[in-house]
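Below: one structure, written as structure tokens.
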Amino acid sequence: MISGHGGNIYDMAKKLDCKSSDITDMSSNLNPFGPPEGLFTKIKENLEGIITLPEVDSRGIIDLFAENHGLEPGQVLAGNGTTQFIYSIPQALGTKKALILGPTYADYADACSMNNIEYSTLVSDESQSFVFDMEHINNSVKGFDTVFICNPNNPTGVLIPSEDLETLCSSNPHIFFIIDESYLPFVIGDKNESMSNMGLSNVVVLNSMSKIFRVPGLRIGFLVSNIEVVKKFRRYLLPWSVNFVAQEAISYLMNEKEKIRLFVEKTVKYLEIERECFSAKFDGVRDIKLFPSRTSFILAKLYGTHTSKSVCENLARSKKILLRDCFNFNGLSEHFIRISLKTREENNNLAEALMELFK
């Protein structure tokens, strides 16, 4: 099971002997605006539905998702977060040897380990700001039957253009490519860059609503592929995987198209400005380097005597600010932290707190 993840505010509150609401959580990659207006009201108005079972196969929300994304319902599955699908991938696809593009989310490797699957990690070059070399990837995937790609990537924030991914996947038709698009809405705000519309039979796309709509506690995830591949995953999907409250939330998000479009558009524009403003504060600061990002979070490297553990512990203790210690990402070290942007005030408070440490 994953450990050392972001968003562990309850554990931190216990250590600091404070309320979880007292902590500024900049470790978890969630929309600073969410959830969208009206979502809580929708859930409250229909809360009596928890006295009955939800749809056993989530057919209603699958149909809505398919309609909104120009897909056939048979191409879509709904699950208890994308995590449910990640851990079923080795069994559903019969994976024998996997390649993971890193540094990245630990659950891909954990899913392989749980199923006794051999895997390797291909780590992008820090000197290139962790941008992937597509030619090198294409040469490296030979001999593997499954490749995991988080796009845009966590924790680096790097986006591989959809045309480059399409070329990679179509050039290797006998390899399954798992494209985790959990953070894609933060980049473009719509589905034009999504691999779910490419029509490639060897591509499995993971879609999360937890991050962009800030509802991680509801555990909402979708899987998209061709009909035959979806059938393979359906064999490993438990009944009632999506609870009633989550189904109600998805129904609202899928039906309020214009409201949600504007919400996502506002988020994308806000983050573009905040990334630039926050990063500019550290221009010329020798003790930290911020890497370019296309998402709601920024990867940073610490220099000198500063380590991720010392910085994270200091900020938690002195400012009640929670950051992501990236020491346990394969390919990183104890000198990397991840910062998830929030409000302008909270971002400025963090910048000031970091500057105090670097004096």
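The values are calculated or read from the model by the stated rules, or taken from the named source; none is laboratory data. Quick caveat, the model's predicted, so the values are computed rather than measured. Because the Cβ atoms are built from the backbone with ideal geometry, glycine has one as well, and the counts that use them run over all protein chains shown.
A Cβ distance below 6 Å, combined with a sequence gap of six or more or placement on separate chains, defines the contacts here; from segment 158-170, residues that are not assigned by TED's automatic domain parsing to the domain that holds I298 reach residues that are surrounded by 19 or more Cβ atoms within 10 Å (Cβ to Cβ) and of a type in the set (F, W, Y) in the pairs V158/F130; I160/F132; C169/F177.
Against the numbered list (1) of a type outside the set (S, T, Y); (2) farther than 21 Å from A98 by Cβ; (3) in contact (Cβ under 8 Å) with a residue 12 or more places away in the chain, C150 comes up short only at (2).
Each residue in segment 305-320 was checked for being within 15 Å of F358 (Cβ to Cβ) and without any contact (Cβ under 8 Å) to a residue 24 or more places away in the chain, and 2 pass.
If only residues of segment 24-63 that are among the β-branched types (V, I, T) and assigned to a loop (DSSP other than H, G, I, E, B) are counted, the one that is surrounded by the fewest Cβ atoms within 10 Å (Cβ to Cβ) is T52. Pairing each residue of segment 230-257 that is touching a residue at least 40 places away in the same chain (Cβ under 8 Å) with any residue that is aromatic (F, W, Y), provided the two are 6+ apart or on different chains, yields no C-beta distance under 6 Å.
Restricting A78, A111 to those that are crowded, with 20+ Cβ neighbours inside 10 Å, among the small types (G, A, S) and part of a strand (DSSP E or B) reduces the list to A78. Regarding A92, is this residue within 30 Å of L122 (Cα to Cα) and either in a strand (DSSP E or B) or not assigned by TED's automatic domain parsing to the domain that holds Y236 (or both)? No, not satisfied. Where strands (runs of 3 or more DSSP E) fall wholly inside segment 244-343, the ranges with 1 or more residues that are surrounded by fewer than 22 Cβ atoms within 10 Å (Cβ to Cβ) are 288-290, 297-302.
In the set E265, E193, E274, E181, only one residue is acidic (D, E), under 20 Å from Q84 (Cβ atoms) and touching a residue at least 12 places away in the same chain (Cβ under 8 Å); that residue is E181.
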